[in-house]
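Here's the structure, in structure tokens; my notes come after.
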Amino acid sequence: MSDLIKIEIITRQKKFEELKEALNSIGVSGMTVTQVLGCGLQKGKTEIYRGAEYSIDLLPKVKIEIIVSEESADDIVSITRRICSTGNIGDGKIFISPIHRVIRIRTGEEGTDAL
């Protein structure tokens, strides 16, 4: 059984559809997507609404979680960096973690067969 990893991508919402299509084109079909709020170096932004200035500290982002064999990681990271990079603060982060065991509940399959 090959080593499995979890790749978490947190990026701008407007980049999600393009990233999803690119990942599907290399065979990544399973993913969990969550709408999240967060801040980092970007530190939010200031808006004006009806003449009043207000601060938005947490910005909307999208979080994509993918479990794949370790061999796929470099391709996924490369595609994500190419598509999601604008060169500006707020492009996001990629986290890669080991997965010790995966079990498909319905069939009992384990490892890459369970993906």
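Pick out, from Ser72, Met31, Thr112, the residue whose Cα sits farthest towards the positive end of the charge dipole of the chain, with +1 on the Cβ of Lys and Arg and -1 on the Cβ of Asp and Glu.
Farthest towards the positive end: Met31.
Taking Cα atoms, how many degrees apart are the long axis of helix 16-25 and the longest axis of the chain, rounded to 10 and kept between 0 and 90?
Its long axis makes an angle of about 20 degrees.
Return the Rg/Rh value of segment 4-114, two decimal places, where both radii are evaluated on C-alpha atoms and Rh is the Kirkwood radius. List each step's numbers first, then the result.
Working: Rg = 16.9 Å, Rh = 15.6 Å.
My calculation of the ratio gives 1.08.
If packing is taken as the mean number of other Cβ atoms within 10 Å per residue, what is the order of 8-14, 35-41, highest first?
By packing density, highest mean first, the sequence is 8-14, 35-41.
Hey, what do the phi angles of segment 67-74 turn into as Karplus ³J(HN,Hα) couplings, whole Hz, using 6.51/-1.76/1.60 and θ = phi - 60°, x for Gly and Pro?
These are the phi-based 3J(HN,Hα) values: 10, 9, 6, 4, 4, 7, 4, 4 Hz.
Nearest 500 deg cm²/dmol is fine: what mean residue ellipticity at 222 nm does the chain get from its DSSP H runs of n ≥ 4 alone, each adding -39,500 (n - 2.57), divided by its residue count? Show your work: numbers first, answer last.
Details: 2 runs with 22 residues, N = 115.
Taking each H run of at least 4 residues, the total per residue is -6000 deg cm²/dmol.
Readers should treat all values here as calculations from the given coordinates under stated rules, not as data from a laboratory. Values in this document were obtained by computation on a predicted structure and should not be read as measured data. For neighbour counting, all protein chains shown are included, and Cβ atoms are generated from backbone atoms with ideal geometry for every residue, glycine included.
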